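Enquirer: Structure incoming, see below.
The values are calculated or read from the model by the stated rules, or taken from the named source; none is laboratory data. In this text, all values refer to a predicted model and were calculated from it rather than measured experimentally. Methodologically, a virtual Cβ is constructed for each residue, glycine included, from the backbone with ideal geometry; neighbour enumeration extends over all protein chains shown. Protein only, heavy atoms only, side chains kept; ligands, DNA and RNA dropped before computing areas. Shrake-Rupley method; radii C 1.70, N 1.55, O 1.52, S 1.80 Å.
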Amino acid sequence: QVTLVESGGGLVQPGGSLRLSCTASTSMYKEYDMAWYRQAPGKQRELAASIGKGGSTFYGDFVKNRFTISRDNAKNTMYLQMNSLKPEDTSVYYCYAGGYGAGSWGLGTQVTVSS
């Protein structure tokens, strides 16, 4: 299993931006497909964005060109740049690593969008 550590969450006003990071403790990072999920209170966890080991990306419908996922294999790190944030983006954001061995989850980072 891979240990994943998220960072970059916090409180931001509507319309603001945040960049989340997820760092993985594995020498095989480049072999993993990576993703960001989010879960708001009382709601199911949903996919925000994913990036394959080859760099292909996918976004949830709610993203609507506001988020950008990227990865730096040299740093074992994945990013999620979130712009034009809305109150409904308030959630715990989780990092996921899969596609190579058992899937792993991070503990999450809280994002709160509020004025």
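Enquirer: Would you kindly calculate the mean projected area, averaged across all directions, of the convex hull enclosing the Cα atoms of the chain, in square nanometres?
Expert: 6.6 nm²
Enquirer: Compute, for Val5, the solvent-accessible surface of its heavy atoms (probe 1.4 Å) with the complete set of protein chains present, and express it in square angstrom to the nearest 10.
Expert: 90 Å²
Enquirer: Would you kindly derive the ³J(HN,Hα) couplings of the range 79-92 from the backbone phi angles with the Karplus curve 6.51 cos²θ - 1.76 cosθ + 1.60 (θ = phi - 60°), listing them in order in whole Hz, with x for Gly and Pro?
Expert: 10, 9, 8, 10, 10, 6, 5, 10, x, 6, 7, 4, 5, 8
Enquirer: What FRET efficiency comes out for the pair Ser17/Trp105, r = Cβ-Cβ distance, R0 = 41 Å, nearest 0.05?
Expert: Once rounded, the FRET efficiency stands at 0.95.
Enquirer: Next question. What is the sum of charges, Lys and Arg at +1 and Asp and Glu at -1, for the other residues whose Cβ falls under 15 Å from the Cβ of Lys64?
Expert: Numbers: positive: Arg38, Arg66, Lys86; negative: Glu46, Asp61, Glu88, Asp89.
Residues close to Lys64 contribute a combined charge of -1.
Enquirer: Given a 1.4 Å probe, how much area per residue of the chain is accessible, in Å²? Please report the intermediate quantities before stating the final value.
Expert: Details: 6060 Å² over 115 residues.
Per residue, the chain has an accessible area of 53 Å².
Enquirer: Let me ask something else about it. Which net charge results when you count Lys and Arg as +1 and Asp and Glu as -1 among the other residues whose beta-carbon is under 13 Å from that of Lys43?
Expert: Value of the local net charge: -1.
Enquirer: Ok, one more. What are the ³J(HN,Hα) couplings of the range 7-19, residue after residue, when phi is run through the Karplus curve with 6.51, -1.76, 1.60 and θ = phi - 60°? Round to Hz, x for glycine and proline.
Expert: 8, x, x, x, 9, 9, 7, x, x, x, 10, 9, 10
Enquirer: Further, regarding this structure: With labels modelled as points extended 7 Å from the Cα through the Cβ direction, what inter-label distance (nm, one decimal) is found for Asn83 paired with Lys64?
Expert: My value for the distance between the label points is 1.6 nm.
Enquirer: I would also like to ask the following. Roughly how many percent of the accessible protein surface of the chain is carbon and sulfur, given a 1.4 Å probe and a whole-percent answer? Numbers along the way, then the final one.
Expert: Numbers: 2900 of 6060 Å².
Result for the chain: 48 percent of the exposed heavy-atom area is carbon or sulfur.
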